[in-house]
Each structure stands twice: as structure tokens, then as C-alpha cells.
Amino acid sequence: MDEYHSVKDMWDENKVRIVDIAEELGVSTATVSNVLHGKTKKISDATVKRVEQKLEERGYIPNMAATLLGRNNSRIIGVIVNNHEKYEGRTFEDPFISAAINYLSDEIEANHYDMMLKKAKNIMDIVTFSTMWNLDGMIIIGFCEDDYQNLRDHIRIPFVVYDGYMHEQSRISNVTIDDYDGGKQVGAYFKATGHQKVLCIADNCICMDLARYQGFTDGFGSETDFMQIPMEQEARKAFYEAHLEEIKEHTAVFAVSDYYAIDFMNTMLQHKIRIPEDISVVGFDGSTACLNCNPHLSSVNQNNQLRAHQAMELLQKMIANPQFYDSVCVPVQLEIRETSIQRKM
């Protein structure tokens, strides 16, 4: 009972006085009161964050949610990820998605915001979500160009597209990577290391995957083959088995993601096809999964930290100026590891 009452007392807001919070932080009682009531326009972001953290620590957190929602600025950034069928219910386990969330979380906190994470199958679900939580801004991953434009037409909250492909930039900020150059680096490497018949695998041939394939072909300097694979893992395994002889005609494979590259390697190894002795493999993303597989996967690395920084920088500018929008392209770099070797010329 004593332990129960001590915990209860700790979370009893009536036991915590504003003057105590102010003294602990070295600020005025007016500052603490203003933060409690959402009057933060004349208070620095850093001070607001310190007061909020202390209020949470001392037991005001049950009331802080209502306070946040009542403000002009909630200091919350939403990160919304397309819960696409290709992830088969494991969206946040995907190496690219988990890396993006990790670095975005760091960048959002470094700018004195809190992150709220959500999966969504329909981009228009974001309208209600963002309004309900009074989000200051959003970073959105994995939807299509038409989806983003539709959302832009129905929402005033600023958002940045992370890894989007835009034919036309219309009031939308986008942080992308040089997909074409990444593919080109892979194609040029396969050509320089003596491969003559190479294959690209992807679950589609549009947008960024098409750009990666086009770069791959141009970098190789001659004809390359393309194989569109199923999104579902079991269907993909059956597809590889059905096309095994065709696959074995190639000495090198470029997969448009690390996930597909590792999945391909696992299936090939089950059929006694050695990596890289029989087939060299290169992926795309540069995720930590590259070093967690055996052999270690060669991949086109993205600078996720820089990408997250650019996304937050664009979002801050949009929050300050609702008319602002821009697009940033982050460079990529091929890193060779154990899954790709030079062929005899």
C-alpha cells in the first residue's frame, strides 16, 4: 500500500506547484504558466521544451496533451508512412523505412519538436489525423505523386515528401535522391568488372525504379534485362523458381532495394547458386541489413542523416512561410562489398 500511495502521490498534479517548477528550471512562474496554457509566442523553443519536460517529469503529463492541442503551435511533427501491401504487414521492419524513421526522429528532436508516427493505407486519412493532433508539419513517405497533390489540395498543414517522385512540382516540397545516378554507378561497375549479361529486378517499372533501371542500362553501355517480380514474398519465391534457368543466364543482378537483393540471394542459395561466384548482386539503399547478411551486400548508399536534415530544413521554411516550397536531391554512392566480384575478361 505504501508503495502504491507513493506512486500515486508522485503523479498527483495537485502536489506540484508552479513555483517549484520555476525554481528548478531557473525561470519565472509566468513562463511556466504561459507554457501550461499554450501562450508560447514570446518564449524560446528551447525554454518551452525544458518546461514541458519538467512538467512531464513531475506528473503534469495527463494534462499536457490537452495543452498541446490548444496551442497555435503544438511542436509536434507527424511522420506518416504508406502501409503498402508490399510490406505484408511489416512496414516498420523494412530496412529503408526503419532507417528513415531513425534519422528523422533525431533531426526532429534536435529542432525541439516531438515526433508522432503513423502508418496509413489511404493518404486522405492524414487530413483527420493531422487536424486532430494539431500538427505543426508532416514528413510523408511512400505515396504517389497524385496522392500528394490531392492531399495538398485538401490541407493547409505544411508537409515534406520524403523519397517522392514528381513529374511536376506544384506547391510540394520533396527530398529525393539521385536514383538515375545510383543505377548508373551499378551499371558502370558491372561493365568495368567484366560482366556481359546483367539483370535488373524490381516490382514495377515506373517512377524511381524506372529511373534506377534507366541509369543502370546507360551505365552498362549496352542492353540490360529487366524482370518484374511479385511484391508478395511467397509469390516472389515461386516466380524465381519458375524463372531459374533464365536468371542463371546472367552473371550479375541489380536489385532496386536491399530488401529485394537479400531476398533474391536467399532464394538463389537454396538452389545451390553461389553468391558472388555464380551471380554478383548489388542492392540499393545502403541499409544496415547489408552488413547483417552473409556475404555482405554491395549497395548504393543513401545518406539518411543528410536526407533527414534536408527534410526538416525544408519543413521549417514551410512552417515559417506557407508559400514556400522547394525540391532537394541528395547524391548517392555505390559501396562494393562481398556480393560482387570481377569476372574474367
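The values are calculated or read from the model by the stated rules, or taken from the named source; none is laboratory data. None of these values were measured; they are calculated from a predicted model. All Cβ positions, glycine included, derive from the backbone under ideal geometry; neighbour counts span all protein chains shown. To get the accessible areas, we keep the full protein, side chains included, count just its heavy atoms, and leave off ligands, DNA and RNA. Shrake-Rupley method; radii C 1.70, N 1.55, O 1.52, S 1.80 Å.
Of the strands (runs of 3 or more DSSP E) lying entirely inside region 127-187, those carrying at least 1 residues that are within 16 Å of Cys329 (Cβ to Cβ) and polar (S, T, N, Q) are 173-177. Considering region 18-124, the qualifying helices (runs of 4 or more DSSP H), each wholly inside and each with 3 or more residues that are at pLDDT 85 or above, run over 18-25, 29-36, 45-57, 95-110.
Of the numbered criteria (1) in contact with a Cys (Cβ under 9 Å, 6 or more places away or on another chain); (2) farther than 17 Å from Val161 by Cα, the one Ile123 fails is (2). Is it the case that region 196-208 has a residue that's over 29 Å from His167 (Cβ atoms) and hydrophobic (A, V, I, L, M, F, W, C)? No. Filtered by the rule that a residue be closer than 19 Å to Gln310 by Cβ and either of a type outside the set (A, V, I, L, M) or open to solvent by 40 Å² or more (accessible area, probe 1.4 Å) (or both), region 146-160 gives Tyr148, Pro158, Phe159. Number of residues in region 80-120 that are surrounded by fewer than 16 Cβ atoms within 10 Å (Cβ to Cβ) and aromatic (Phe, Trp, Tyr): the value is 1. Ile341 satisfies every condition listed in (1) in contact with a strand residue (DSSP E or B) (Cβ under 7 Å, 6 or more places away or on another chain); (2) modelled with pLDDT of 95 or more; (3) aliphatic (A, V, I, L, M) except (2). Just so you know, in region 170-195 the residues that are under 20 Å from the mean Cα position of the chain (by Cα) and of a type in the set (S, T, N, Q) include one that is surrounded by the most Cβ atoms within 10 Å (Cβ to Cβ), and it is Ser173.
Within region 259-278, can you find the residues that are over 18 Å from Glu335 (Cβ atoms), outside any helix (DSSP H, G or I) and in contact (Cβ under 8 Å) with a residue 12 or more places away in the chain? Result: His271, Ile273, Glu277, Asp278. Report whether or not Gln233 is open to solvent by 10 Å² or more (accessible area, probe 1.4 Å), at pLDDT below 95, out of contact with any helix residue (DSSP H, G or I) (no Cβ under 6 Å at 6 or more places or on another chain) and not small (Gly, Ala, Ser). It is true that Gln233 is open to solvent by 10 Å² or more (accessible area, probe 1.4 Å), at pLDDT below 95, out of contact with any helix residue (DSSP H, G or I) (no Cβ under 6 Å at 6 or more places or on another chain) and not small (Gly, Ala, Ser). A search for C-beta distances below 7 Å between a residue of region 110-137 that is farther than 20 Å from Glu88 by Cα and of a type in the set (Val, Ile, Thr) and any residue that is assigned to a helix (DSSP H, G or I) and open to solvent by 70 Å² or more (accessible area, probe 1.4 Å), counting only pairs 6+ apart in sequence or on different chains, returns Val127/His154.
Which residue out of Thr251, Thr224, Thr288 is touching a helix residue (DSSP H, G or I) at 6+ places or on another chain (Cβ under 8 Å) and open to solvent by 30 Å² or more (accessible area, probe 1.4 Å)? Steps first, please.
Values: Thr251 fails: touching a helix residue (DSSP H, G or I) at 6+ places or on another chain (Cβ under 8 Å); Thr224 fails: open to solvent by 30 Å² or more (accessible area, probe 1.4 Å).
The unique qualifying residue is Thr288.
Residues are listed down the side, and each one gets a yes or a no for (1) surrounded by fewer than 19 Cβ atoms within 10 Å (Cβ to Cβ); (2) at pLDDT below 95:
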position: Ala261; (1), (2): no, no
position: Asn266; (1), (2): yes, no
position: Pro295; (1), (2): yes, no
position: Ser299; (1), (2): no, no
position: Gln302; (1), (2): no, yes
position: Leu306; (1), (2): yes, no
position: Gln310; (1), (2): no, no
position: Ala320; (1), (2): yes, yes
position: Ser327; (1), (2): yes, yes
